[in-house]
Amino acid sequence: LLGTLGMSLQRRPQAEVQALHKPAFQLLLGLARHRTSRCSEALAPSEAHTPEVAGARGAARAVEAALSDAFVHLTVQLTEQQFRPLFLRLQAWAFPADETDVVPARALAFFRVIAGAQAKLQSLFGAYFALALPHARRVLASATPPPAAAAAAAAAAAAAPASASKKKRKRLSEGGAAALPCSATDAALLHAALGFVTRGLQHDGRRAAPIA
């Protein structure tokens, strides 16, 4: 379905895509919701190395890649006035204003779906990079150990006997970060958010080739 939608958006005249951009985006958003609800087994803890989990992860990534491709084909056909409300809707779904904590599955889908458009538009994506950057910072900040944990780890390393090996001291000093639970979802989300920030900084100030 996503492959067919992507090819249709790519091959149809721009005027037709623009006339149908709202229902097309609604379909993409519905499929993104489906991915986060029905492919949740792909987000199992990393220690669950089973064929079923590996297959589900692969299926989820395939859905995300197809969503990203279709989103690119839609994006390059739209005007700024047409695209901006769609991006804001996607962002509001991924990061609800009434949620104080990041919803990992939604945030992961968001960064992976927009990755293709960000890479394609480069500096033309700058305004949207700025809109989503605070959310990426929240995700990346969650990987930093809390001050209390970091201080405790540093104190433990300092209190280690002089005879302790360098390897042991390093393990103790990193205890704050190592003690934080990290699921496969969390790791993938950190990677996706970091990729988003890296691409945004690389393309900042560049002049991209005209699109569509």
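Mind counting the residues in segment 195-208 that are modelled with pLDDT under 90 and surrounded by 10 or more Cβ atoms within 10 Å (Cβ to Cβ)? Reasoning before the result, please.
Of the residues in segment 195-208, the ones modelled with pLDDT under 90 are 202-208.
With surrounded by 10 or more Cβ atoms within 10 Å (Cβ to Cβ) added as a condition, the list becomes 202-204, 206, 208.
So the count comes out to 5.
Quick one: HIS73 ticks every box in (1) touching a helix residue (DSSP H, G or I) at 6+ places or on another chain (Cβ under 6 Å); (2) within 24 Å of ARG138 (Cβ to Cβ); (3) open to solvent by 40 Å² or more (accessible area, probe 1.4 Å); (4) at pLDDT 90 or above bar one, so which box is it?
(2)
Any idea how many residues of segment 88-119 are open to solvent by 30 Å² or more (accessible area, probe 1.4 Å) and under 17 Å from LEU201 (Cβ atoms)? Show your work before the answer.
Kept after step one, since they are open to solvent by 30 Å² or more (accessible area, probe 1.4 Å), are these residues of segment 88-119: 88-89, 92, 97-104, 106, 112, 119.
From the residues that got through so far, the ones that are under 17 Å from LEU201 (Cβ atoms) too are 119.
Total satisfying the criteria: 1.
The values are calculated or read from the model by the stated rules, or taken from the named source; none is laboratory data. All values derive from a computational prediction rather than experimental measurement. Heads up, the Cβs are rebuilt from the backbone with ideal geometry, glycines too, and the neighbour counts pull from every protein chain shown. Areas reflect the complete protein model, heavy atoms only, side chains present, ligands, DNA and RNA absent. Shrake-Rupley method; radii C 1.70, N 1.55, O 1.52, S 1.80 Å.
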